[in-house]
Structures are given as C-alpha cells and as structure tokens.
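Working notes, beginning with the structure itself.
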Amino acid sequence: MNSATNTLPVTLPTDMDLVMRVMPMPSDANGNGDIFGGWIMAQVDLAGSVLPNRIAKGRIATVAVNQFIFKQPVSMGDLLSLYARVERIGRTSVTVHVEVYAERNPAKLEVVKVTEASLTYVAIDDEGKPRPLPPQD
Ligand SMILES: CC(=O)SCCNC(=O)CCNC(=O)[C@H](O)C(C)(C)COP(=O)(O)OP(=O)(O)OC[C@H]1O[C@@H](n2cnc3c(N)ncnc32)[C@H](O)[C@@H]1OP(=O)(O)O
C-alpha cells in the first residue's frame, strides 16, 4: 500500500463490491463545471447491472430506479468509485443498492460519498419477457 492509499478515510464500504471506476470528461459537465445528473445516473445504471448480470447469467433489463439521491455534486477531475450490494433476489428480479464515492484533490486527498441509489433489474428472455433466475451456485 502506498502513501496515497494510506490517506483514504476508512469510510469506503467494506461490505460492498467495487464494480466500476470512472472519471467524468469535460463534455459531461455543465457551465459551472459540475457533472450532469443524467451522466451520473447512466454510470449508476451500468454499475448496478454488474451483480444482477452475474446472477441472471444472461440478458437483463432495468425495470425500476427505486431511489436515487444526489448527496453531493460531482466535479471535473473527480475519480468515481461505484460500489454495489445485492439487496434482494426475487423470482425474476434482482434489486441492488449502489453507492458512489468521489476521490478528489490529490494534493490533500478527500473521499466524498456523492450518490446512492436502489435499482431493480429483471432477467429477460430472447423476446424481452421476464424469465426465472437460474439456480445459484
Ligand atoms: C438493458 C436495459 O437496461 S434497457 C433500459 C431500460 N429498461 C427497459 O427498457 C425495460 C422496459 N421494461 C420491460 O421491458 C418490462 O417492464 C420488463 C421485461 C422489464 C418486466 O416486464 P413486466 O411484465 O413488467 O414484469 P413483471 O410484472 O412480471 O415483473 C417482473 C419482476 O420485476 C419486478 N418489478 C416489476 N415492476 C417493478 C417496479 N416498478 N419496481 C420494482 N420491481 C418491479 C416484479 O416484482 C418481478 O420481480 P420478481 O419476479 O422477482 O418477483
């Protein structure tokens, strides 16, 4: 572990999977340099699908965004880490909780929770209809 990693606060989730890391580009920002909420929602939808994809072992679709909270703005230069945890496995659906943390200001490293959300994904067949989840290993 290097010195930069050592300065990370211990508030990063330890009970969730790190499913994605991404850095916004200038085209994702508004005139104030803050990142558009829609861009963040797209990243959360992608990150949220990682664990349901593994569970469904095939095609899935997002059926619901149950909750979405923008706790803090995301700025240019932030490195985002997206964590996910499976909250519920149903007959055809998987609900996940996603938390997004921003690493900013490398000179005096700061980690901020910027977003949290709950999304539900449904396993679908070739015709786009819900299909039962396969047995889990
Ligand atoms: C790849 C992508 O992500 S595309 C992005 C946008 N998403 C889409 O375009 C999907 C459009 N929606 C659809 O095609 C359909 O609604 C489907 C296939 C997702 C679901 O079809 P429906 O006939 O509505 O499904 P149905 O009523 O049988 O419910 C299926 C599951 O979804 C759950 N579900 C349905 N609606 C909701 C809801 N509003 N909130 C939470 N869960 C829901 C059900 O509880 C059920 O789960 P379970 O089987 O684990 O108990």
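Each residue of region 60-68 was assigned a 3J(HN,Hα) from its phi angle through the Karplus curve 6.51 cos²θ - 1.76 cosθ + 1.60 (θ = phi - 60°); the sequence is 9, 9, 6, 9, 8, 9, 6, 7, 8 Hz, with glycine and proline shown as x.
Considering only Val112, Val63, Val44, the mean-square fluctuation computed in a Gaussian network model of the chain, springs between alpha carbons under 10 angstrom, is largest for Val63. Shape class for the chain: prolate, because the ratio a/c of the largest to smallest gyration tensor axis (alpha-carbon atoms, square roots of eigenvalues) is 1.5 or more and a/b beats b/c. Summarising the amide proton neighbourhood of Val19: residues at separation of 5 or more, or on other chains, whose placed amide H is nearer than 5 Å comprise Leu82, Tyr83, Ala84.
Residues of region 100-131 falling in the label zone of Val63, defined by backbone nitrogen less than 19 Å from a point 7 Å along Cα to beta-carbon, are 118-131. By other beta-carbon atoms within 10 Å, ranking Thr11, Thr95, Thr115, Thr62 with the fewest at the front produces Thr11, Thr62, Thr95, Thr115.
If each DSSP helix of 4+ residues adds -39,500 (n - 2.57) and the sum is divided by the residues in the chain, what number results at 222 nm, nearest 500 deg cm²/dmol? It comes out at -4500 deg cm²/dmol, rounded to the nearest 500.
Taking label positions 7 Å along the Cα-Cβ direction at both Thr11 and Ile89, the computed distance is 3.2 nm, reported to one decimal. When only Cα pairs below 8 angstrom with a gap of at least 6 residues are kept, the chain shows a relative contact order of 28 percent. Ranking Val112, Val86, Leu133 by how far each Cα lies toward the positive end of the dipole of the chain (charges on Cβ) leaves Leu133 at the top. Rounded to whole Å, give me the distance from the Cα center of region 85-137 to that of region 19-48. What the calculation gives is 16 Å, centre to centre. Applied to region 96-101, the Karplus parametrisation 6.51 cos²θ - 1.76 cosθ + 1.60 on θ = phi - 60° returns per-residue 3J(HN,Hα) values of 10, 9, 10, 10, 10, 10 Hz, with x for Gly and Pro.
Around the amide H of Arg131, modelled in the peptide plane, lie the amide H atoms of Ala123, Ile124, Asp125, all under 5 Å away and 5 or more residues distant in sequence or on another chain.
Taken along the Cα-to-beta-carbon direction at a fixed 7 Å, the label points for Glu110 and Met25 span 2.7 nm.
Read the figures in this text as sums done on the coordinates, not as results from a lab. Bear in mind the structure is a predicted one, so any value in this text is a computation, not a measurement. Heads up, the Cβs are rebuilt from the backbone with ideal geometry, glycines too, and the neighbour counts pull from every protein chain shown.
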